[in-house]
Amino acid sequence: MLTPRIEFNLTKISHNAKKLKEYYGLRGIEIIGVTKAVNGNPKIAFALVQSGIKILADSRILNIKRMREAGVQAQYLLLRTPFLSEADETVKFADISLNSEIIVIKKLSKIAIALNIKHKVILMVELGDLREGIMPAELENTVRQVLKLKGIELVGIGTNLTCFGGVKPDERNMAALSTIVTDIEEKFDLKLQFISGGNSSAYNWLSTTKEQGRVNNLRIGESIYLGKETLYNKPIPNLYLDVFTLIAEVIEAKIKPSMPYGEVGKNAFGVIQEFKDDGPMLRAILGIGLQDVEVLGLTPILDVEILGASSDHLILNAKQTHLEVGNEVAFNLNYAALLSAMTSPYITKSSN
Ligand SMILES: *Cc1c(COP(=O)(O)O)cnc(C)c1O
């Protein structure tokens with residue numbers, strides 16, 4: 001089989017999606033399946049839809065196009081605030097988008113009118129993480145303008161936490177979201193369909209709170225793929241943690257010194273590396289590198305140690321494994337490694 005490759009199990013993805021849908025469903029929360037970490041992979045998207053997920057979300061139009069063109073029947077939500085320059089594609093390919101700029105929504109409106117369709121908008125509100133979102137004091141003003149726009153339907157209010165600032169969803173910011181939603185609904189006499197409280201990091205708040213408030217929607221990626229919540233990286237009960245495995249091949253295996261010898265300067269990435277002299281060791285070089293994957297996010301399943309990587313090589317202390325040329329070495333992946341591996345054209349995608 002080709003290497004490097006990323007293997008994934010569609011039955012396990014379905015299982016995780018169903019369990020999460022059930023878990024959140026019991027709390028009145030619908031989950032949207034986020035596909036950006038898997039590059040909008042159509043097989044995975046199909047598995048999500050077959051597990052009962054009705055809305056798929058991606059940060060990139062290209063990924064949404066990819067899933068649509070593969071015939072995956074779902075509603076599509078664009079996660080990243082649309083670029084002014086891609087308003088056309090946004091309206092054409094996404095049914096719903098998350099927004100925080102009125103100038104963008106006005107352009108979406110123009111295009112929706114021209115196409116004679118309605119584009120749905122969820123307004124993002126800033127609650128402290130400082131990535132996308134309208135400041136709460138500005139929200140009323142924005143809603144007033146959005147409601148006047150033809151071709152646009154305001155369907156919800158959402159927030160995003162734990163992405164830039166690392167701010168946790170807690171009683172205070174989640175209660176603030178509920179209050180904001182209720183205020184807006186009363187002021188404008190409307191009923192919002194989506195109160196979208198966050199991502200895979202909302203798990204801890206939700207599983208411990210007695211006051212869930214108005215939150216009825218979450219956008220979930222990581223928990224489906226890695227079986228974990230994202231705040232403390234803790235496994236969620238009854239989910240598979242081993243959906244994805246990265247496989248690379250040994251291209252050199254030799255006993256070599258553990259210390260580079262000769263005069264040492266900067267390496268290929270401009271860094272002067274520090275080394276420890278552990279005497280001669282079995283070192284294995286794998287045919288995978290920084291151009292393929294976020295190497296820092298890999299954890300070997302065998303008892304070996306990652307010593308470092310360059311563009312195309314990953315260097316292991318092979319310890320007692322007796323690795324030989326041609327052997328395959330398997331790794332678990334974190335979110336960044338998953339994202340990069342699924343996006344890499346050099347890594348074969350292999351589902352079972
Ligand atoms: C990526 C993203 C998500 C999903 O996050 P996970 O940690 O994968 O659950 C949700 N919302 C927005 C706006 C995102 O960009």
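Things worth noting here:
- Subtracting the Cα-Cα distance of Asp88 and Glu140 from their residue separation scaled by 0.36 nm leaves 16.1 nm.
- Look at where the Cα atoms of the range 1-68 and of the range 134-189 average out, and the two centres are 26 Å apart.
- Test item: Cα-centred dipole of the chain, Lys/Arg +1 and Asp/Glu -1 on Cβ, debye: 1120
- The alpha carbon convex hull volume per residue for the chain rounds to 156 Å³.
- Relative contact order computed over the chain (Cα-Cα under 8 Å; 6+ residues apart), in percent: 18
- The chain - mean residue ellipticity at 222 nm from DSSP helices (-39,500 (n - 2.57) per run, n ≥ 4, rounded to 500): -9000 deg cm²/dmol
- Working note: Karplus 6.51/-1.76/1.60 with θ = phi - 60° gives the range 301-315 the couplings 7, 6, 7, 9, 10, 7, 8, x, 8, 10, 3, 10, 10, 10, 10 Hz, where Gly and Pro are set to x.
- Only lysines eight or more places from Lys319 in sequence, or on another chain, were considered; those with a Cα closer than 20 Å are Lys254, Lys256, Lys276.
- Ala70/Ala268 FRET efficiency (R0 51 Å; Cβ-Cβ; nearest 0.05): 0.85
- Ranking of Phe244, Phe164 by count of other Cβ atoms within 10 Å, fewest first: Phe164, Phe244
- Cross-link pairs beyond the 28 Å C-alpha cut-off, checked among Lys36/Lys228; Lys19/Lys349; Lys65/Lys120; Lys18/Lys92; Lys92/Lys168: Lys18/Lys92; Lys92/Lys168
- Applying 1/(1 + (r/R0)^6) with R0 = 22 Å to the Cβ-Cβ distance of Leu296 and Ser207 gives a FRET efficiency near 0.15.
- Distance histogram in 5 Å bins (all Cα pairs of the range 48-173, percent per bin): 2, 11, 20, 21, 19, 14, 9, 3, 0
- In degrees, nearest ten, helix 102-115 long axis to first principal axis of the chain (Cα): 80
- DSSP beta bridges confined to the chain are antiparallel in about 45 percent of cases.
- One decimal place: the segment Asp242-Asp189 gains 14.4 nm when fully extended, by the rule 0.36 nm per residue minus the C-alpha distance.
- Full-extension gain in nm, Leu2 to Tyr261, via 0.36 nm per residue minus C-alpha separation: 89.8 nm
- Values of log10 I(q)/I(0), in the order q = 0.09, 0.14, 0.19 Å⁻¹, for the range 221-352 under a Debye, Cα-only, solvent-free model: -0.31, -0.71, -1.13
- Using a simple spin-label model with pseudo-atoms 7 Å out from Cα toward Cβ, Val325 and Lys54 lie 5.8 nm apart.
- Put in line by how crowded their Cβ is, counting other Cβ atoms within 10 Å and starting with the fewest, His15, His313 read His313, His15.
- For the range 130-255, the Cα gyration tensor yields ellipsoid semi-axes of 37, 18, 13 Å (square root of five times each eigenvalue, largest first, whole Å).
- Counting neighbouring beta carbons within 10 Å and listing from fewest to most, the residues His322, His119 come out as His322, His119.
A short reminder: the numbers here are calculations on the coordinates, not readings from a lab. The shown structure was predicted, so the numbers you read here are calculated from the model rather than taken from an experiment. We place every Cβ from the backbone using ideal geometry, glycine too, and count neighbours over all the protein chains shown.
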